[in-house]
Amino acid sequence: MNGIDYLDRGWRIGADTVCLLDGASGERLTYDQVRTNTFRIGNALQAHGYQTGSKGAVLAYNEIGAFVVYLSFMRLGMVPITINSRNSIAENASILDTMGCEILFYSTAFAQAIADVKRLAPQIREFVCIDADGEDPSLAAWTADASSDYFEVPHDPDRLLLIQPTGGTTGKPKGVMVANRGMENHVANMMAVAPMNSRPVFLAVAPLTHAAGYVMQTCLAQNGTGVLLSKPDKVGIMRLIQEHKVTHTFVPPTLIYELLDHPDVSKYDYSSMRYFIYGAAPMSPDKVRRAIDVFGPVMCQVYGQSETSFPNTFLSPQDHVDAITSAPERLSSCGRSTPLCAVEIMTDGKLLPDGEVGEIVVRSSGLMLGYYNQEEGAASTTYNGWLLTGDVGYRDKAGFFYIVDRKKDMIITGGFNVFSVEVEKTLLSHPAVQNCAVVGVPDSKWGERVLAEVELVEQASVTPAELITFCKERIGSVKAPKEIVIVEALPRSSVGKILKRDVRAKYWVDKTRMVS
């Protein structure tokens, strides 16, 4: 399948169905209108000298016009560089310049920043404002002379579909090169593990340039409607689910926690929901139970990376319900491997049996082609056909996988290994804790000591000493934090992931290496 084939499949099922709907303004386009626009923009791109393999990008929030341009790149077989609008302008400009962007489409929300982009990314030769005329032409003006005539790009499963910059949580972003087969693997796996017997309605809250954009392709393939929300708005999310009878959404756990704490969360009707998907980080089991109470038996977790496509594992709504009734430990699992992925545990090149802790490795047709202009970096992440995720975990006898840490986040204190995720899960089970980050910091006696920075639930009150005692009672004194710092807000990436490297770095600022 080419990247545009999912839209075309949805169009064939129902050309007059609403394809994209703006959650704020109510603007909507049918499948026929979206498809026609992709041909018009595709023909305009060709007339301006772009072709299959050319690189472009869109700088906008979750907006209809922006997503149509993204689909138009796929129509022509161009390669979108999927920058996140929530990054800094300097970071996005650096990504675009490094990865060879030739044309940038942007919305008026970013018009004031385009002068900086032009200065910092001189390789970009053309700029188009999607929704207004100004210094650069509007999309309407830029495509005014283009036809909407049909054209076709030959299929190649290994052709580069898009470049996905990594979140930068471990350093400078890398450009993950995703092939056509990577998106196909995602759509096939999602339709296998999250089947629908009616048209889906997907609420796009997270940026469509990242995981939410993948889920959108699955929605399009089933003639579904994508309801776009430009920025995470808690009341807006709850209202739109009720108003448009949303069946799917995808949000990070941090946003779910904020929804659960909202005073109006129980005032809305969520009965249309079928799959409330969370990912990017584990959820506290106690908060999962609360989410099921509020949103219904619809919670499901996906695990995967840009490098592996996703979902590589899936914890279904039924798995969540079964865990509550008979296997509570499984609320800490990220699920079983999906049908088109092989997932194993490996140490030193050897696959491990159930119950043993090692690195999670993945093999599937969805694996990346490599990192853009970083052959050595890509080679270091693979072994014998397996992609090494850098996540440490184990699989139980029933086939459920558990992530215990990132390899780099393991803390060695007094000769003992402490997995930060285990400590974080314990802290998150305290009713006063909203979020936390556990890191190792230098200690003259222990080498490293366990430290936690903690965000509290609004208006909650608890002392660091009380939280330390709470942890000691549950996981013992070795794993319990020796120090807890209560903060107003933890540092986060543009996609909402907590930046533990930033938390850790300030405690090692005067050290020559970040290990003791």
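The values are calculated or read from the model by the stated rules, or taken from the named source; none is laboratory data. What you see is a predicted model; the values in this text were computed from it and never measured. Glycine gets a Cβ as well: all are built from the backbone with ideal geometry, and neighbour counts include every protein chain shown. Only protein heavy atoms, including side chains, enter the accessible area calculation; ligands, DNA and RNA are left aside. Shrake-Rupley method; radii C 1.70, N 1.55, O 1.52, S 1.80 Å.
Listing for the model above:
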{"quantity": "2 or more residues under 20 Å from the mean Cα position of the chain (by Cα): qualifying strands (runs of 3 or more DSSP E) within the stretch 1-100", "calculated": "55-59"}
{"quantity": "Positions within the stretch 92-150 being of a type in the set (Val, Ile, Thr) and open to solvent by 20 Å² or more (accessible area, probe 1.4 Å), in sequence order", "calculated": "Thr98, Thr108, Ile130"}
{"quantity": "Condition met for Arg35 (without any contact (Cβ under 8 Å) to a residue 40 or more places away in the chain, surrounded by fewer than 17 Cβ atoms within 10 Å (Cβ to Cβ) and charged (D, E, K, R))", "calculated": "no"}
{"quantity": "Which listed residue is open to solvent by less than 30 Å² (accessible area, probe 1.4 Å), more than 18 Å from Ser316 (Cα to Cα), in contact with a helix residue (DSSP H, G or I) (Cβ under 7 Å, 6 or more places away or on another chain) and of a type in the set (Ser, Thr, Tyr), from Tyr257, Tyr268", "calculated": "Tyr257"}
{"quantity": "Lys174 being in contact (Cβ under 8 Å) with a residue 12 or more places away in the chain, open to solvent by 20 Å² or more (accessible area, probe 1.4 Å) and in contact with a helix residue (DSSP H, G or I) (Cβ under 8 Å, 6 or more places away or on another chain)", "calculated": "yes"}
{"quantity": "Enumeration of residues in the stretch 101-133 that are of a type in the set (Asp, Glu) and not in a helix (DSSP H, G or I)", "calculated": "Glu102, Glu126, Asp131, Asp133"}
{"quantity": "The stretch 104-130 residues that are hydroxyl-bearing (Ser, Thr, Tyr), paired with ones that are part of a loop (DSSP other than H, G, I, E, B) (beta carbon under 6 Å, 6 or more apart)", "calculated": "Ser107/Ala60; Ser107/Glu63; Ser107/Ile130; Ser107/Asp131; Thr108/Asp131; Thr108/Ala132"}
{"quantity": "Condition check for Pro491: in contact with a Phe, Trp or Tyr (Cβ under 8 Å, 6 or more places away or on another chain) and not aliphatic (A, V, I, L, M)", "calculated": "no"}
{"quantity": "Residue match in the stretch 393-407 (condition: modelled with pLDDT under 95 and either within 30 Å of Asp97 (Cβ to Cβ) or over 21 Å from the mean Cα position of the chain (by Cα) (or both))", "calculated": "yes"}
{"quantity": "Val294 being crowded, with 22+ Cβ neighbours inside 10 Å and aliphatic (A, V, I, L, M)", "calculated": "no"}
{"quantity": "Close pairs from the stretch 402-429: first without any contact (Cβ under 8 Å) to a residue 40 or more places away in the chain, partner aromatic (Phe, Trp, Tyr), Cβ under 7 Å, at least 6 apart", "calculated": "Asp405/Phe419; Met410/Phe419"}
{"quantity": "Residue in the stretch 391-432 that is surrounded by the fewest Cβ atoms within 10 Å (Cβ to Cβ), counting only those that are within 16 Å of Val478 (Cα to Cα) and of a type in the set (Phe, Trp, Tyr)", "calculated": "Phe416"}
{"quantity": "All positions within the stretch 44-53 that are open to solvent by 10 Å² or more (accessible area, probe 1.4 Å) and touching a strand residue (DSSP E or B) at 6+ places or on another chain (Cβ under 8 Å)", "calculated": "His48, Gly53"}
{"quantity": "From Met196, Met183, Met191, residue being in contact (Cβ under 8 Å) with a residue 24 or more places away in the chain, under 15 Å from the mean Cα position of the chain (by Cα) and either farther than 30 Å from Ala111 by Cα or in a loop (DSSP other than H, G, I, E, B) (or both)", "calculated": "Met183"}
{"quantity": "Some residue of the stretch 73-86 being modelled with pLDDT under 95 and open to solvent by 10 Å² or more (accessible area, probe 1.4 Å)", "calculated": "yes"}
{"quantity": "Given (1) open to solvent by 60 Å² or more (accessible area, probe 1.4 Å); (2) in contact with a His (Cβ under 9 Å, 6 or more places away or on another chain); (3) within 25 Å of Lys425 (Cα to Cα), index of the condition Arg274 fails", "calculated": "(3)"}
{"quantity": "Any hit, the stretch 334-354, residues being buried (at least 17 other Cβ atoms within 10 Å of the Cβ) and among the polar types (S, T, N, Q)", "calculated": "yes"}
